[in-house]
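These notes are about the structure you will find just below.
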Amino acid sequence: MSTEIEKVKCLIIGSGPAGYTAAIYAARANMSPVLYQGMQPGGQLTTTNEVENFPGYPDGVTGPEMMIQLQAQAERFETDVRSGWVTKVDFSGDVHKVWIEDKKEIHAETVIISTGASAKYLGLESEQHYLKIGGGVSACAVCDGFFYKGQETIIVGAGDSACEEAHYLSKLCTKVTMLVRKDTFRASKIMAERVQNTENIEILYNTNTVEVLGDEHGVTGARVKNSVTGEVKGIPATGFFVAIGHKPNTDIFKPYINMDETGYIKYEKPGTSLTNVPGVFVCGDAADKTYRQAITAAGTGCMAALDAERYLAAKGH
Ligand code: NDP
């Protein structure tokens, strides 16, 4: 292990809209931020095709293009954007210690956690194929549902997210087929009842996806299997939505940072970006299981940079 230690004023971990927005604000406040991009530079938006709901883009923008622009904007004010990911932290003392890929050690006066969350997928090869080519697999109905207006879609999941997204899709699509792997919903009663009472949502219980079907243009449906009867059948659809939960990317912070049972970081004081560790702030999806939008992540990124700036000012820096 190298003994090289770098001291920084503001370390930002993660490169989604939250991280880059924090960087823009921190850089303009002369905090010389260093930003590590993490395992998926650009974050979840790099797996989204078209972003049409981020204010300021009247003609829409692709997710990857938007992330390139956010990075350029952060770099314009001299944010030091680096590739690499954090493998360990020690937030037990006054100085916040962070290790990059188990080698480089950084001592940061302030740390902004913007590591986001990852949508869970089924893990089927066919699902991953159409996800990669942007051909009809999505984990966000609010982001991508509009592209399936007037078409038939499938949604997998039985929690509150799946119900909310199925209901959202039902207003755009001619038919939504909901695949529930057990014979009951996990969602709250009111959310489950809403989808059960929606005419163009068909719920298939005890049903698992065997394969996402498609051609060179994208998804054409799914082959599904009933786990009770063994029946296998095909369902036509142009969009295949997966809503089986998210996992916040916060495991490395667990020993020091307060979080809920699913790993979402808890704000120390509502309406701020403060965590339980002074000088460590959080923004974006790592602390948000409700909204999960690029614009809300960007908003909290701004808050984190302002809170970090105030923290340093109070310490006389
Ligand atoms: P949940 O973890 O609550 O639900 C995940 C669902 O996906 C479960 O029904 C689970 O099935 C299913 N699932 C998991 N893996 C698979 C798989 N491999 N194949 C098929 N199905 C699978 O996640 P949510 O994102 O729905 O919700 C997260 C939290 O956010 C919850 O606390 C929820 O209440 C909250 N939330 C609240 C909302 C609101 O109140 N408006 C809106 C959205 C979320 P099974 O049931 O069989 O385990």
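The values are calculated or read from the model by the stated rules, or taken from the named source; none is laboratory data. Since we're looking at a predicted model, the values are computed, not measured. Cβ coordinates were reconstructed from backbone atoms using ideal geometry, including for glycine residues, and neighbour counts include every protein chain displayed.
One table, with the values for the structure above:
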| item | result |
| --- | --- |
| Pair list, Cβ under 9 Å, 6 or more apart: region 272-288 residue not assigned by TED's automatic domain parsing to the domain that holds residue 113 and surrounded by 24 or more Cβ atoms within 10 Å (Cβ to Cβ), other residue among the small types (Gly, Ala, Ser) and assigned to a strand (DSSP E or B) | none |
| Evaluation of residue 251 against (1) away from the ligand (no atom under 16 Å from the Cβ); (2) closer than 30 Å to residue 91 by Cβ; (3) modelled with pLDDT under 95; (4) not polar (S, T, N, Q) (one fails), failing number | (3) |
| Condition broken by residue 23, with the remaining ones in (1) closer than 18 Å to residue 113 by Cβ; (2) in a loop (DSSP other than H, G, I, E, B) satisfied | (2) |
| Subset of region 171-190 that is touching an Asp or Glu at 6+ places or on another chain (Cβ under 8 Å) and within 21 Å of residue 212 (Cβ to Cβ) - its residue that is farthest from the ligand (Cβ to nearest atom) | 174 |
| Those residues of region 84-105 which are under 19 Å from the mean Cα position of the chain (by Cα) and either more than 24 Å from residue 6 (Cβ to Cβ) or in a loop (DSSP other than H, G, I, E, B) (or both), in sequence order | 84, 85 |
| Residue check, residue 103 closer than 30 Å to residue 40 by Cα, away from the ligand (no atom under 16 Å from the Cβ) and in contact with an Asp or Glu (Cβ under 9 Å, 6 or more places away or on another chain) | yes |
| Hits in region 107-136 - residues which are among the aliphatic types (A, V, I, L, M) and part of a helix (DSSP H, G or I) | 131 |
| Count of region 143-161 residues which are without any contact (Cβ under 8 Å) to a residue 60 or more places away in the chain and on the phi > 0 side of the Ramachandran plot | 1 |
| Where a residue in region 178-194 is over 15 Å from residue 245 (Cβ atoms) and without any contact (Cβ under 8 Å) to a residue 60 or more places away in the chain and its partner, wherever it lies, is part of a helix (DSSP H, G or I) and more than 7 Å from the ligand (Cβ to nearest atom), with Cβ under 8 Å and at least six apart | 178/166; 178/195; 192/163; 194/163; 194/167 |
| Qualifying residue in region 11-18 (condition: surrounded by fewer than 24 Cβ atoms within 10 Å (Cβ to Cβ) and in contact with a Gly (Cβ under 8 Å, 6 or more places away or on another chain)) | no |
| Single match in 238, 250 (criterion: assigned by TED's automatic domain parsing to the domain that holds residue 146 and touching a residue at least 12 places away in the same chain (Cβ under 8 Å)) | 238 |
| Verdict on residue 272 being more than 16 Å from the ligand (Cβ to nearest atom), under 26 Å from residue 201 (Cβ atoms) and either in contact with a His (Cβ under 6 Å, 6 or more places away or on another chain) or of a type in the set (Val, Ile, Thr) (or both) | no |
